[in-house]
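Where a number appears in this text, it was derived from the coordinates with a stated rule and is not lab data. Not measured: the values here are computed from a predicted model. Counting neighbours? That spans all protein chains shown, and the Cβs are built from the backbone with ideal geometry, glycine included.
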Amino acid sequence: MKAFLLFKDRDFDPKQILMQREKKSRAYETDEKLSLKQFLPWNAAALVQDLGLDILFNKMSDGNDFILEAAETVVLSSLTDAETILYRQGILHDCMMHEDVVRNIYQLLLDAIEKEKTSHWWGLFSSPSSILHESIDKLSMFLEMLRKLRSFADENEKIFDSEGFERLFKMLREELSDEYLSSLDEHLQQLKFEHGVLISAELGRGNKGTNYILNKPFEDTRNWFERLMQKELPGYTFHVSPRDEAGSRALYELRNQGLNKVANALAQSSDHVLSFFHALRTELAFYIGCLNLNHHLVEIDEPVCFPKPGKNRNRKMSFTGLYDVNLALSMGKKVISNNLNADDKNLLIITGANTGGKSTFMRSIGIAQLMMQAGMFVPAESFEGEIHESIITHFKREEDTTMSSGKLDEELSRINEIIDRIKPGSMVLLNESFAATNEREGSEIAKQITTALIESGVKVIFVTHQYEFAHGLYGKKMPNAIFLRAERLEDGTRTFRILEGEPLQTSYGVDLYNAIFLHGIPN
Amino acid sequence: MSFISILFNEKTKQENAQHAELPTFFVDLNLDQIVDKITEHYPEYELKPFFYFPLSNLDEVLFRQEVFHDLENITLYEHIGYFAERISEVRKYLKLVDKLYYKRQKEIWFLYAVEVYCDAVKKFSENLSEAQMNSRGLRTFQDYLTNYISSSEFKLLTEEIKRLKTGLENVKYRIIIRDNSFTVQNYEPGIDYSEEIEKTFQKFKQGAVKDYLVKYNSVSQDMNHIEAQILDFVAQLNPDVFLKLENFNSSNKDFIDETISVFDREIHFYISYFEHIKKFKSGRLKFCHPVILESSPQGTCKEIFLNEGFDLALAQKLNESGGQIICNDFYLEDKERVIVVTGPNQGGKTTFARMFGQLHYLASLGCPVPGSEAKLFLFDNIFTQFERSEKVENLRGKLEDDLTRIHYILDKATTRSIIIMNEIFNSTTIEDVSFLSAQIMNKILELDLICVWVTFIDELASFDEKTVSMTSRIVPDNPAMRTFKIIRRQADGLAYALAIAEKYKLTYCSIKERIK
């Protein structure tokens, strides 16, 4: 039984790492096998830092660590096929339409997981009997939960219309049929072995019994009269004297050895059911995160829309009302949005006034792109874009405090790493890169790298103050390039709008200088 | 030639060796440490008497050297090791049989013991017949084994074991446990319930889950009375095979052959020694079979030598602590008889003397000795005189003690003996020492025996043509460094001091230059 809510044909977390991370609390920090890194692209940390994704993840999680990790993992491991993106969009759409039902299902899974935890008493010295006993208890509880889950499926199968939910509900109805559920009831009853246990055995080393195999529950073959007269069963029978404590214990041990395999099978079955609950919960957690995010955006009156994913390298990119979701969330109010049509372009150069909203603009594109490729809605009124092989950022960083390398060195080593890994069809966001040297050299480096990237089939968005670099490209009149500028009114006011325009020689730093040195810090 | 023993070529020697006790020189030469270490892991074979019993004629030594040579064949060595392990398992099982309480359990373990024994002997015989062997000892033993396993008794025994084991393996039964009673019945096929449970819940499986099987100690052979009762019931359900098992026990009480049992003990003399020296062989240290020099009727030739030898006891210690041992050489030519070792303290003089004694002793056991090549003398006795701490209960003074002991030695020693002396006569004036030493030296030279004498009296080193001077080597640049290297060189107490002086620029020339 598979949830298939994030992928049509596979588990999102086949090794159940997210579940283990939750169980082991913080132990995973040192355990390689439990590291999230194995899910994430190599540049995940840079993406989070450069695009400020922590804010987004926090709002999605609403303080729940499990949802946080699920959201983080899904958003950062971008999809590259439109089919799966649309598959998730459908499921998310269902979630938004029937939020109560989805949250109830999620709560049911949480309850099952929580109850299982509290009934966990297996210690180091547990015996097969006690394991069997515990397992019967747990499975009885699970059975009740499975019945509820099944009734959710029955009630909602007709109401939900996404492919993902239809599949899920159908699967639950078929796999958890009435017949199957009552056979579980029966097993749990038989496993109490009220009529005794029947074990087959062989002579092992030293004539000790071995290969104990518990047979299907024993049926007393004596008729009612024989039973009444307490006729012995065929074979040789021995009654352990009530005073023989050691004998009772030994017999109990023997019974335990007989039960060992069955207890193991049942305990593992209980784990299997639990792992199914976990798998379903893990995949739902991402959608719960999206629902949470939607609430926050509705609160501040920001719009969202389902984007239109296009084929890789079709060079589509156009949007209206795109805003930086992180900025809006952290300010707690509506922020300036931008429109753009950059279809057929694979190079966007953004120049213009300092603090004019250039970086914010570029970030909003990057975030929307990531959200789209996670199957989410995006923070815009409309959005259409090609699906990129990967989304990569190269932002100017703080000075390296370890003194191990110079700043340009550091930047170049990062770009070197990017070039090592990048594939055609990717998107690179560069923010004031290569400015750590004089303008001429920096420009030359920027030009060479940028030209090489776009010619290799990579889409480049570059925020820069380097006039020589920007203007040089502008002069080439490339049809595939678009030049954008942060708007500045005559009086120096920034509108935070990004408009098409030729790169200028100044970035109006003097405005800032004046603002700070002559007029005090601006409001 | 029929097989007597793998250690001796005659019966009387074998008997004498059983009662050998620690030779008096053992402690001085640290041979006690060596033998303790060699025999450490083989207490059940009581090997020490063999190591306390030096051989006295060349043929006896060669007899063992041949076996040692054969054992260098790794395949053969492994076969012997395997055989020894199996026999030790037999003993373990027999001990268990004694310990066990329930009759039916004793019976089966006895069967196992006999089975292991038969397998071991048979396999060993096969292996030996395929191996390349040149030693008299192993070849005659192989003949013995071949006869043994082709006897009809042996064949019948192995067949009976096979029949019994198959019979028991095929016994199956059922137990029904209800409350405080159980019933044992004949076997009938049933459904494994755990498999059915697994199948039922299979659909929920997402990935691997924990194993909840409780580990039962299957190694323990203890049986409680409930298990014993069940076994009794099983025996009643299968009377035939259990009766046969009972008969097998009563009719095979003494199944171990005496000669094989003795071989198993004696071969461990070789195994223990081989295993011990293996620890050193991995490095640059070497072992060799020494050429044995037996005193001829004329008794004149004592041209012995050793290349790259070392103190085995010290090597043991350094092996444990990770240190490196220094190898030393020596030789005697023509009329040379006495090696006089002088030099600074802590330079390895005593170690050299011990090594000399150890090697000769080990060679007399027929063992390979530390070194790349050696020719050693087969002695009739070794005498040692090492400095001892004064004993309170000893009424004589230390000097008197020394002299009494040396008198005894010189009285007992023959021209075939070896004497090793280490810093004697310390408790008197230098003039006394010189005088006494010269007297003793004369007596030693008279006996024409081989001697190593560690001393601080330089004159002894150039006493006459029969004495050889050896001294610790010094590194000129760093005279404080201990090389532990003893080389043939004129005794010169000054070399050491001069080197130190040079290092600190205190030589004549240096001082002249510095004072300006």
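Couple of notes before you dig in:
- Protection-proxy order for peptides B:221-228, A:279-286, A:66-73, each taking the mean of Cβ atoms within 10 Å per residue, highest first: A:279-286, A:66-73, B:221-228
- Rounded to the nearest 10 degrees, the angle from helix A:407-421 to the longest Cα principal axis of chain A is 60 degrees.
- Once the Cα atoms are used to define both axes, helix B:136-149 deviates from the longest principal axis of chain B by about 10 degrees.
- Tensor-based shape of chain A (alpha-carbon gyration tensor, a/c under 1.5 rounded, otherwise prolate or oblate): prolate
- Inter-part distance, the stretch A:470-494 to the stretch A:358-376, computed on C-alpha centroids, equals 21 Å.
- Estimated distance in nm for a label pair at B:ASP143 and B:ARG91, the labels positioned 7 Å out from Cα along Cα-to-Cβ: 2.9 nm
- Average partner coverage of B:186-193, which counts Cβ from other chains inside 10 Å: 6
- Its DSSP H runs of at least 4 residues, each contributing -39,500 (n - 2.57), put the calculated 222 nm mean residue ellipticity of chain B at -16000 deg cm²/dmol, to the nearest 500.
- Charge dipole (Cα centre; +1 on Lys/Arg Cβ, -1 on Asp/Glu Cβ; no other charges) of the protein assembly as shown amounts to roughly 600 debye.
- Trypsin sites (Lys or Arg not before Pro) within the stretch B:283-331, DSSP loop, no more than 12 other Cβ atoms inside 10 Å: B:ARG284
- Exposure proxy order (Cβ contacts within 10 Å, fewest to most) of A:VAL298, B:VAL454, A:VAL335: A:VAL298, A:VAL335, B:VAL454
- The stretch A:142-181-the stretch A:184-209 distance, computed between alpha-carbon centres (Å): 35 Å
- Anisotropy class of chain B from Cα gyration tensor, a/c 1.5 cut: prolate
- Applying 1/(1 + (r/R0)^6) with R0 = 22 Å to the Cβ-Cβ distance of A:GLN38 and A:LYS8 gives a FRET efficiency near 0.50.
- Net charge of neighbours whose Cβ lies under 10 Å from the Cβ of B:ARG265, counting Lys and Arg as +1 and Asp and Glu as -1: -4
- Helix B:225-237 vs. chain B, principal-axis angle (Cα, 0 to 90°, nearest 10): 50 degrees
- Calculated mean residue ellipticity, 222 nm, chain A: -16500 deg cm²/dmol, from DSSP H runs (n ≥ 4) at -39500 (n - 2.57) each, averaged per residue and rounded to 500.
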